[in-house]
Amino acid sequence: MTDIVFARSGSLWIPSVIREDGELKLMLAAGADANHEPRTFTFPISEAHLAVIRVDLARHLLLWSAVLPLCDAAGTRGSLDENAAVALLDPVLLSPPADVDALFRRLRWDRTRLVAHGADIRLLERGQVCEAVRAATEEANEKRAQEHHADRQRAERGVTLGPLDAQILRYTGQYLHGATIPRRSPDAVDPALLPQVIQVIAVAEQACAGMRIGLDPRRGHRATDKRDWGRMTATVDNAVRRAYPELVDDAVRTVSFLMCSEAAPHSTNTAPGCRTRRVSGVGRRDGRPGRAGRENGPARTAALL
């Protein structure tokens, strides 16, 4: 028989404590099985550990972060290394903060969960994990964790975003994932920097105004012409880099990707005989896509800016 002894109300994912056949155990969902469903793992804890988990959210989250790599190592069907999990209990839950920090400098641990629950990122980077999670919350902010993960991936490539770089990527919807089809999302941009973002987009649109991207029937019914795409990309990249040499490559690429995506004849409403689509110009002053026409062309945007 299994009874729930303690569970936090803010998140169903934070490990809970159960009593199974009279024994206290920590239970958590992690990893995935062959059907991509989360697996459930348990391992024994003591009353002393339960007492800390009840009153100290920070230590509870640190334990979760330390155990998650063990769950991942279990794979789709393997068993949790219970001895390794139990060996983490005293050092994480009962040791002084300095000892916990030292442990986490030697340990594989899951940073994402701590960031999602409000841990101070700068303190985490310094190795001060106990101090970092003092302001943690039960409720998770998954977008914060995703953005942090994206920033770390860029840092591994040696890319550091400036304020305008970051807002351009937010405008196109590619801040988190570079493979996302870009779109215009002015509401995602810091209002103070939105005019500068629109100026960058206007430069790109003026550079490729009138250019076409056709279909290549050799590559499929809806496949675009790689040469047309490459020409537009090069044109936009060169124009934006000349006007804004301080922008990182990620920001420049997302602008050219946006221009090409909007010019490509990918709409399902395009008639079979319609082989090309021309870039018609930019959207409205607020950054939203406008109706194609003379009033929304590059000259109009330049006048507005």
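Please treat every number below as a calculation from the coordinates, not as lab data. On a predicted model such as this, the values are computed, not experimentally measured, just so you know. A quick note on method: Cβ atoms are made from the backbone with ideal geometry, for glycine too, and the neighbour counts reach across all protein chains shown.
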Among A34, A150, A209: highest mean-square fluctuation, GNM of the chain, C-alpha pairs under 10 Å
A34
What distance in nm separates the two pseudo spin-label positions at D3 and R54, each 7 Å out from Cα along the beta-carbon direction?
1.4
Given springs between every Cα pair under 10 Å in a Gaussian network model of the chain, which of L194, L114, L88 has the largest fluctuation?
L88
Placing +1 on the Cβ of each Lys and Arg and -1 on the Cβ of each Asp and Glu in the chain, which of N238, S65, V17 has its Cα farthest towards the positive end of the resulting dipole?
N238
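How about segment 33-110: which trypsin sites (Lys or Arg not before Pro) there lie in a loop by DSSP and see at most 14 other Cβ atoms within 10 Å? Kindly include the intermediate steps, with their values, before the conclusion.
Numbers: sites: R39, R54, R59, R77, R105, R106, R108; in loops: R77, R108.
Those that pass, being in a loop and sparsely packed, are R77, R108.
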Given charges at Cβ of Lys, Arg, Asp, Glu: the chain dipole, positive-most of P265, I201, A87
P265
Helix 194-208 vs. the chain, principal-axis angle (Cα, 0 to 90°, nearest 10):
50
What FRET efficiency, computed as 1/(1 + (r/R0)^6) with R0 = 22 Å and r the Cβ-Cβ distance, is obtained for E131 and S95, rounded to the nearest 0.05?
0.90
Give me the net charge for the shell around T42: Cβ to Cβ below 15 angstrom, other residues only, Lys and Arg +1, Asp and Glu -1.
-3
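Which of H148, H36 has the fewest other C-beta atoms within 10 Å, and how do the rest follow up to the most?
Ordered by Cβ neighbours within 10 Å, fewest first: H36, H148.
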Computed from the beta carbon distance with a Förster radius of 30 Å, FRET efficiency for D81 and E138 to the nearest 0.05 stands at 0.65
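What percent does the relative contact order of the chain come to when contacts are Cα pairs within less than 8 Å and at least six residues apart? If you can, show how the numbers build up before the last one.
Working: 462 pairs, mean separation 34.8, N = 305.
Normalised by residue count, the contact order of the chain is 11 percent.
Within the set of other residues whose C-beta is less than 10 Å from the C-beta of I53, count the net charge using Lys and Arg as +1 and Asp and Glu as -1.
+2
What does the net charge come to around L68 if you take all other residues with beta carbon closer than 13 Å to its beta carbon, with K and R at +1 and D and E at -1? If you can, show how the numbers build up before the last one.
Values: positive: R39, R108, R111, R113; negative: D72, D81, D110.
Value of the local net charge: +1.
Once a ≥ b ≥ c are taken as the square roots of the eigenvalues of the Cα gyration tensor of segment 2-143, is the result rounded (a/c under 1.5), prolate (a/b larger than b/c) or oblate (a/b not larger than b/c)?
Numbers: a/c = 1.43, a/b = 1.26, b/c = 1.14.
It comes out rounded by the Cα gyration axes.
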Loop-located trypsin sites (Lys or Arg not before Pro) in segment 151-243, at most 12 other Cβ atoms within 10 Å (DSSP)
R157
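Find how much the distance from S46 to R122 grows on full extension, using 0.36 nm per residue of separation minus their present alpha carbon separation; answer in nm with one decimal. Present the calculation step by step, with values, prior to reporting the outcome.
On the way: separation 76, 0.36 × 76 = 27.36 nm, distance 3.31 nm.
Gain in length upon complete extension: 24.1 nm.
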Calculate the length of the line joining the C-alpha centroid of segment 162-233 to that of segment 20-35, in whole Å.
45
Could you give the C-alpha radius of gyration of the chain expressed as a fraction of 2.2 N^0.38 Å, taking N as the number of residues it contains?
1.33
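Only Lys, Arg, Asp and Glu count, each charged at its Cβ (+1, +1, -1, -1), so figure out the dipole size of the chain about its Cα centre, rounded to 20 debye. All intermediate terms of the calculation are to be shown ahead of the outcome.
Numbers: 42 positive and 38 negative charges, 446 e Å.
So the magnitude is around 2140 debye.
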